Amino acid sequence: MDPTIHLGQLPVSDVYRRFAEGEARGVSVVYEAWAREVSKDEPVQALLEVLPARKRQPNLVFAAARWHGAGTSYESLRTTLLERWPQVCHTILTRATQTNEAGRCAVILPLLATLPQPLALIEVGASAGLCLLPDRYSYRYDNGTSLDPADGPSPVVIPCHLGVGLPTPAMPEIAWRAGIDLAPVDVSNPDACRWLETLVWPGQEDRRARLEAALRLARQNPPQVVKGDLNEVLPELAAQAPSEATLVVFHTAVLAYLEREARSRFIELVTGLPGHWISNEGQTVVDLPRPFSLSAPDDGRFLMALDGVPRALTDPHGRSVISLSTSQDQTQSDDQLASPQRPPAGGRR
C-alpha cells in the first residue's frame, strides 16, 4: 500500500479491509484477522480517524497496540485501543514503521553482482542500517547458490527463492557504506531495538530471529547512519564516498512515505549522481516504464529496478526475487546492465 495515495483518501474501514486482503492474507493470521475486524468496528475506526493520514497505516497501529500490551486476539487489540488510547496514540505519533529487514539484501545481491567492485553503498531510509551489511550475512538460494562472508558462515543466514533469468548472486566487496534516516535507530539502544522487534508481524518468528541476530552483528561494528532528510543529506554524503569505488544508492519501501514532490526531487537527484541506483518499492510508487509482465493487478510484491530499468519482482521481506521476463524488452535491459548508460564521473563508476 502506498500511504501517500491511499491513507488520506480512503475511509479507515477500506484501508484496513485492503490491508487484510492485499498484505496480511497468507502472511500473518493475526494481522489479517485484526484488520478485517477493524474494518467493521466503528468505535475503533473513530479513534483512528483522528490520526494524521500517514499514521493510520495498520502495521504501525498494530505495532503500537502490541507495544502497550495487546495479545493475539482481536478482543485484546480492541481493549488495548479503547482503554489505553492516549498511550497508544502517543506511540503512533512519535514512532514509525522503520522495518529493517536484513532479508532484503538477498534480492539486491544479483544486481550488485553486475556492478564493478568494490562498492560504496548508500541506503536511504536506512533505519538501523542492517541492509548496509550485505557482506556480513550468509545466503542460501534455492538454485544451489550458497554464499558466506570471507571469514566464514554468518549467524545471519538468509534463504531466498531465485527465479531464472537473473544474474548469479555473488558476495559484494564493500569499500564504504553509509545510510540516511530521519530517525536513525541506535543498535546499542535496547528500547529502539525492541521497537524494531515489535514491528515484526505475529507469526513471523524466522524474521524475528534473523532481526535479533542481525542487530547483534551490527553492534560489533555499527554502520554509519546520518540523521536528516534524504534530499538534503544525499549529495553531501555521496561526495564522501571513495572515488575508486562504484557508488550505489539503494532503498526499499521508503519512497511511498514521501510526498510526490519530494519523491520526484529525489529521483531527479539520484539519477544525476555518478554511479547506480537500485529501487525496490511498491509497484506503483516509482514512475518507471511499465513492463508487460505487470499487466495483472498489483499482487503486493515490490518492483526492483536498476537505474530506472525494471528488473524483477521481489517479496517485500526478501523471500524471493523473480525476473520480469526474457523477452526483447528484458534483453535490452540486460544490455544496459552490461554497458551502463551513465558514464563514470570523477573517477567513479
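The values are calculated or read from the model by the stated rules, or taken from the named source; none is laboratory data. Not measured: the values here are computed from a predicted model. Neighbour counts are summed over all protein chains in view; Cβ atoms, including those assigned to glycine, are modelled from backbone coordinates with ideal geometry. Accessible surface areas use protein heavy atoms only, side chains included; no ligands, DNA or RNA. Shrake-Rupley method; radii C 1.70, N 1.55, O 1.52, S 1.80 Å.
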- [ ] Within segment 107-127, count every residue that is open to solvent by less than 10 Å² (accessible area, probe 1.4 Å) and at positive phi.
- [x] 1
Open item on the list: Being open to solvent by 30 Å² or more (accessible area, probe 1.4 Å) and either in contact with a His (Cβ under 7 Å, 6 or more places away or on another chain) or more than 18 Å from R208 (Cα to Cα) (or both) is the requirement here; does A53 meet it?
Closed with: yes
Task: Candidates A33, A65 - the one that is open to solvent by 40 Å² or more (accessible area, probe 1.4 Å), hydrophobic (A, V, I, L, M, F, W, C), more than 30 Å from G163 (Cα to Cα) and in contact with a helix residue (DSSP H, G or I) (Cβ under 7 Å, 6 or more places away or on another chain) - done: A33
- [ ] Scan (1) surrounded by fewer than 24 Cβ atoms within 10 Å (Cβ to Cβ); (2) of a type outside the set (D, E); (3) free of Cβ contacts under 8 Å to residues at least 60 places away in the same chain for the single condition V27 breaks and write down its number.
- [x] (3)
Task: Which numbered condition V185 fails, given (1) crowded, with 16+ Cβ neighbours inside 10 Å; (2) modelled with pLDDT of 95 or more; (3) in a loop (DSSP other than H, G, I, E, B) - done: (2)
Open item on the list: Checking A209 against (1) in a helix (DSSP H, G or I); (2) buried (at least 16 other Cβ atoms within 10 Å of the Cβ); (3) among the hydrophobic types (A, V, I, L, M, F, W, C): exactly one of these is not met. Which one?
Closed with: (2)
Open item on the list: So R17 ticks every box in (1) in a helix (DSSP H, G or I); (2) open to solvent by 30 Å² or more (accessible area, probe 1.4 Å); (3) farther than 30 Å from V286 by Cα but one. Which box is left unticked?
Closed with: (3)
Task: Odd one out for L130 among (1) open to solvent by less than 40 Å² (accessible area, probe 1.4 Å); (2) closer than 25 Å to E281 by Cβ; (3) touching a strand residue (DSSP E or B) at 6+ places or on another chain (Cβ under 6 Å) - done: (3)
Task: Checking A218 against (1) within 18 Å of the chain's Cα centre (by Cα); (2) open to solvent by less than 70 Å² (accessible area, probe 1.4 Å); (3) at pLDDT below 95; (4) farther than 29 Å from G71 by Cβ, the condition it does not meet - done: (3)
